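The values are calculated or read from the model by the stated rules, or taken from the named source; none is laboratory data. All values reported here derive from a predicted model rather than from experimental measurement. Virtual Cβ from ideal backbone geometry, glycine too; neighbours counted across all protein chains shown. When the accessible area is computed, the model is the full protein with side chains, heavy atoms only, and any ligands, DNA or RNA have been set aside. Shrake-Rupley method; radii C 1.70, N 1.55, O 1.52, S 1.80 Å.
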Amino acid sequence: MADATTTTTGRTFRLELISPERVLLDRTVRSAQVPAEDGLVGVLAGHAPLVSPVVPGVLTLVDENGQRHRYAVGQGFVEITKDRVRVLVDSAEHPDQIDRTRAQKAFDRARERLGKRGSDKDVDFARAEASLYRAMARLKVVASL
Amino acid sequence: MAKGIKELRRRIRGVKNIAQITRAMEMVASTKLKRLQERAEGSKPYGEALRMLVGRLAGKVESEQFPLLRGNTSGAIGLLVVTGDKGLCGAYHSNLFKTVTALVQQNPGTPIKLFVYGGKGRIYFRGRKPGIELAYPDVVEKIPFVSVRDAVRGLVKRFLAGEIGSLKLVSTRFLSAAQQKPEVRDLLPIDPASLLGDPVAAKHFDPILEPSTEVIFERLLPKYLEMQVYGAVLEALASEFAMRRIAMKAATDAANDMISSLTRQYNRARQETITKELLEIVGGAEALKG
């Protein structure tokens, strides 16, 4: 990592974003930010090898031309190796594919369900929480357009 | 006689219509099969990456400490059966149901809980012996990964709660475009050998594991199951459409055979009437002469 500090802006690495349905991205990027379990992990070329769970959130990347792209991602894993970052997630969406009103509705629904905590035994809170995070990620990505 | 000819003409027209429909269905099944194969192809990179990660981590952990790799005390068997929503696909469903019935008979006295994908399975198992524990409402053909994921999560929860002691998957394997066969696979407890834990690769694989190797491995295991089931569903769908294509091709061929045999009958009957009429005319003329 130390040798990367001086020339990071010029250096690139390969980023793969893969869902069970398809390979969404396989491209060269300058940097990436992955929503890992312990917080956002910023990755530049030469990052130390790492494996960590990914939580629903926003994946940001900066391509070779300095352009920023954002994706709403679901749960999964990130695997950083010497020359490649691989993000395996249940789902990933580009802002173009996101339906804003649907995301907002999902957000409201999840919030309402979470509000019933303790009163209603039928509500699966872990699931409601996960869908809340997913909806938040979607809304954030759309807002960045 | 004239009525017989009319009847034959009507039947020929009817069979031709059927042949047209079955041919169209054959073509639909064949395009859908192609699309499904593409979908299965698309899911491969994820599956492979996941398998590699699981394999390398499996070489690093003590597998006995993970509940998903251990049995539990429940004697109940959970069966996840993947069926389709539509018929006209040859023996696809009857083969599946036979496999399930055989499994049930092999385990007399053992409680069996059925988890069913597909409308055909819902209809078949309703009111039959083991009864349906849970039927998933999804249209199998359009099933997204997240929906399979939620189903598997529910099953894992039941396993961890001790409601089921093991989980088997009954689905159709796509061996080739011409050969598909129902198969029973063990899902839970996960056989540690199936994870292909590779101690050698694990040794050279030394990343930072956050929060810990155990936590990551524990999260990976259900994901691994989800992917297995998702793959099996895609494969079952490909099998269904392959069998439907074959069944529809057979139906089209049979209809065409029937059309030619009916046409032959029709022509013969028509010829017969003409001959008879001619004979009558000739006979009548002879009689007038005489």
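Points worth noting:
- Theoretical FRET efficiency, 1/(1+(r/R0)^6), r = Cβ-Cβ of residue B:184 and residue B:142, R0 30 Å, to 0.05: 0.70
- Largest GNM mean-square fluctuation across A:130, A:72, A:32, computed for chain A with C-alpha springs under 10 Å, falls on A:130.
- Computed with a 1.4 angstrom probe on protein heavy atoms, the B-A interface buries about 2300 square angstrom of accessible area in total.
- In terms of distances greater than 27 angstrom between alpha carbons, the cross-link table entries B:181/B:249; A:105/B:142; B:113/B:181 yield no pairs at all.
- Using bins of 10 Å that start at zero, the share of Cα-Cα pairs per bin across segment B:39-141 amounts to 12, 31, 28, 26, 4, in whole %.
- A 1.4 Å probe run over the protein chains yields, for the protein assembly as shown, 52 Å² of accessible area per residue, whole-number rounding.
- Label-point separation in nm, residue B:157 to residue B:213, each point 7 Å along Cα→Cβ: 3.1 nm
- Using the Cα coordinates of segment B:75-131, the gyration tensor eigenvalues translate into equivalent-ellipsoid semi-axes of 21, 11, 9 Å, sorted from longest to shortest.
- Solvent-accessible area, 1.4 Å probe, carbon plus sulfur percent, for the protein assembly as shown: 53 percent
- Stokes-Einstein diffusion coefficient of segment B:90-169, Kirkwood radius over Cα pairs, 4 °C, 1.567 mPa s, in µm²/s: 94 µm²/s
- For the peptide A:74-87, the mean number of other protein chain Cβ atoms found within 10 angstrom of a residue's Cβ is 3.
- The calculated FRET efficiency for residue B:13 paired with residue B:287, based on their beta-carbon distance and R0 = 45 Å, is about 0.70.
- Interatomic Cα distance distribution for segment B:31-246, bins of 5 angstrom, percent: 1, 7, 15, 18, 18, 15, 12, 8, 4, 2, 0
- Considering segment B:146-216 at the alpha-carbon level, its Rg and Dmax are found to be 16.8, 48 Å.
- Whole-Å distance, taken between Cα centres, linking segment B:63-120 and segment B:135-193: 8 Å
- The C-alpha radius of gyration of segment A:2-93, expressed as a fraction of 2.2 N^0.38 Å, stands at 0.99.
- Of the Cα atoms belonging to segment B:238-290, the radius of gyration and Dmax stand at 22.8, 77 Å.
- If you take the alpha carbon atoms of segment A:97-143 and fit the smallest convex hull around them, that volume is 61 Å³ per residue.
- Between the beta carbons of residue A:64 and residue B:24, assuming R0 = 45 Å, the FRET efficiency works out to 0.40 to the nearest 0.05.
- Taking trypsin sites (Lys or Arg not before Pro) across segment A:52-145, the ones in a DSSP loop with at most 15 further Cβ atoms lying within 10 angstrom of their Cβ are A:82, A:116, A:117, A:121.
- Three principal axis extents describe the C-alpha atoms of segment B:169-208; from largest down they are 45, 25, 16 Å.
- The C-alpha atoms of the protein assembly as shown occupy a region whose extents along the principal axes are 125, 62, 50 Å, arranged from largest to smallest.
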